[in-house]
Amino acid sequence: MDLVRGSGLIPVKKRPKILHGSSSFCHYEVKFKGIVLFLVERKMGTSRRNFLMELAKKRGFQIERELRDCVTHIVAENNSGAEVVEWLQSRKLNNAVKCQIVDISWFTECMGAGCPIKIESRHQLTVQEDCPASFNMPVSSSCVRVSPYACQRRTPLQDINRIFTDAFDILAENYEFLENKGPRVAYQRASAVLKSLPFPILTMKDLEGLPHLGEEMKYIIEEILEDGKSSRVDQVIYSERYKSFKIFTSIFGVGLKTAEKWYRMGYRTLEDITSNKGLTFTSMQKHGLLYYEDITSSVTKTEADAVEHLIRTVICGFVSDAIVTVTGGFRRGKDVGHDVDILITCPQKRDENQILHKTINALKKRDLLLFCYLVESTFDDTKRPSRYIDSLDHFQKCFLILQLQKEESKNAYSHKPKGCDAKRSWKAIRVDLVVTPYEQYAFALLGWTGSQQFERDLRRYASHEKKMMLDNHAMYDKSKNIFLKAETEEDIFTHLGLEYLEPWERNA
Ligand code: DCT
Ligand code: MG
């Protein structure tokens, strides 16, 4: 297969269906998914802009009147690249600098061709200044500078290369099921790079200069560009082992070891597991099976907010100055998650030691606790932060299944019967509560916000580039032999010499 097609464009009939998460509501048919245009009014004028916008819509291009997050291409007329960037910055639209900035000539040629055409250098409105070397601020794919570390890239939730990243995530997961760490990490890194790109991959040429994309990954991207899917990914998703591991590991309390054991014993489906009288389960697994349907259906943001409110109300009932924060995916702006991760701290050591036990008792009293597994702290303050990128932290924590009253049935029941009745008025929700000492809060918050890949790269960056050790508890400077304090996440980024990234820019 040729790596770079002559025109550099995907033939329209073979154009993959790119599933993008634009929240924009279009009243016209969008033919070219993954490309969202915005026209700069400066020097173009209102009426010409309106005319061109209508034209683009008729040709099947998504075009936005406002500079929304989903915009991928900013088109300007009679402006230099520097002028456009200045215009964006004067409107505090700094994020938009990451879009492709192109001249009107590209737009008119696209309209003439009736489809997006390849961006040549003559179309690019390049910015001569040096964008911060470490950040992904491409003017186009050809001058993109993408750091090999996710902590030096902005990765918003919207992923315009999802057709490729979904494929890589499946392959990474399959390697995880095979306990083959090398290729798992390689695919996770490659996926994270593509998630950070502010432009869609349309040709193999768009991959030039990107880190962590080996030949295997390029082959898969090419397959998808040509056929809309990858045969290797298909092979995985239809394989018996992958399908069974997916089911087994979705049970709360079942890890790779148990999944492997069951698979070797010949079990393949959930029914094989639940109908087998000879199998023994841990208490966590029993509860995981009991509330399987609820736990495997996503937790919504509304449900996460309700859990946060409940936990905060309970805790503030006995520690009024406690800080209760939802972390994990919801803090990164996700609408759904598999659980609710909550970080708790308070200024007084005495309160901190009691907070989790009291919370559990209070939830029990209110009959809201379906399951609880408490782990006491194993933190040792004489030790330096862990050298291992994937090491777990030592905080006191508990893994819960909470009974959350469904919104529509609130006030309908005061006391709810337990059991797995579909008509019941509550839903079982997985919640992790983590208690951190006050002085470790910033490290814990950064660590529990994720994403997992972002955290890994942050620690890798600290150790490889800065000779520092970072984990969820502390930060240690090996050159100076000192611990570095931090009150906020910003302090930690500053210690590392990194530009601060907001939680919603950490979706690597
Ligand atoms: N975490 C980590 N390393 C892991 C697992 C988790 O650093 N091996 C961190 C990052 C995210 C946070 O803990 C919470 O973990 P999850 O709930 O598993 O992740 P999430 O991003 O919240 O995902 P989801 O939205 O599915 O809950
Ligand atoms: Mg989570």
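The values are calculated or read from the model by the stated rules, or taken from the named source; none is laboratory data. These numbers come from a predicted model, not from an experiment. Virtual Cβ from ideal backbone geometry, glycine too; neighbours counted across all protein chains shown. Surface areas here come from the heavy atoms of the whole protein model, side chains and all, with no ligands, DNA or RNA. Shrake-Rupley method; radii C 1.70, N 1.55, O 1.52, S 1.80 Å.
At a glance:
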{"quantity": "Top-ranked residue in segment 303-342 [being of a type in the set (Asp, Glu) and within 16 Å of ligand 1 (Cβ to nearest atom); ranked as farthest from VAL434 (Cα to Cα)]", "calculated": "ASP335"}
{"quantity": "Residues satisfying the stated conditions in segment 310-325, i.e. open to solvent by 20 Å² or more (accessible area, probe 1.4 Å) and within 24 Å of the chain's Cα centre (by Cα)", "calculated": "THR325"}
{"quantity": "Residue match in segment 451-461 (condition: open to solvent by 10 Å² or more (accessible area, probe 1.4 Å), modelled with pLDDT of 95 or more, out of contact with any Lys or Arg (no Cβ under 8 Å at 6 or more places or on another chain) and more than 26 Å from GLN396 (Cβ to Cβ))", "calculated": "yes"}
{"quantity": "Matching residues, segment 419-450, being open to solvent by less than 10 Å² (accessible area, probe 1.4 Å) and assigned to a loop (DSSP other than H, G, I, E, B)", "calculated": "SER425, THR436, GLY450"}
{"quantity": "Restricting segment 361-407 to residues that are without any contact (Cβ under 8 Å) to a residue 40 or more places away in the chain and β-branched (Val, Ile, Thr), the residue that is farthest from ligand 2 (Cβ to nearest atom)", "calculated": "THR382"}
{"quantity": "Selection status of SER298, away from ligand 1 (no atom under 16 Å from the Cβ) and open to solvent by 20 Å² or more (accessible area, probe 1.4 Å)", "calculated": "no"}
{"quantity": "Matching residues, segment 159-208, being part of a helix (DSSP H, G or I), modelled with pLDDT under 95 and surrounded by fewer than 18 Cβ atoms within 10 Å (Cβ to Cβ)", "calculated": "LYS205"}
{"quantity": "In segment 327-349, the residues that are among the β-branched types (Val, Ile, Thr) and within 13 Å of ligand 2 (Cβ to nearest atom)", "calculated": "THR327, VAL336, VAL340, ILE342"}
{"quantity": "Where a residue in segment 234-259 is at pLDDT 95 or above and its partner, wherever it lies, is assigned to a loop (DSSP other than H, G, I, E, B) and open to solvent by less than 40 Å² (accessible area, probe 1.4 Å), with Cβ under 6 Å and at least six apart", "calculated": "PHE248/VAL254"}
{"quantity": "Residue in segment 235-244 that is surrounded by 20 or more Cβ atoms within 10 Å (Cβ to Cβ) and more than 30 Å from VAL71 (Cβ to Cβ) present", "calculated": "yes"}
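Rundown of residues vs (1) surrounded by fewer than 20 Cβ atoms within 10 Å (Cβ to Cβ); (2) within 21 Å of LEU197 (Cα to Cα); (3) out of contact with any Gly (no Cβ under 6 Å at 6 or more places or on another chain); (4) free of Cβ contacts under 8 Å to residues at least 60 places away in the same chain, yes/no style:
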residue	(1), (2), (3), (4)
ARG68	yes, yes, yes, yes
THR72	no, yes, yes, no
ASN79	no, no, yes, yes
TRP106	no, yes, yes, yes
CYS110	no, no, yes, yes
ALA113	yes, no, yes, yes
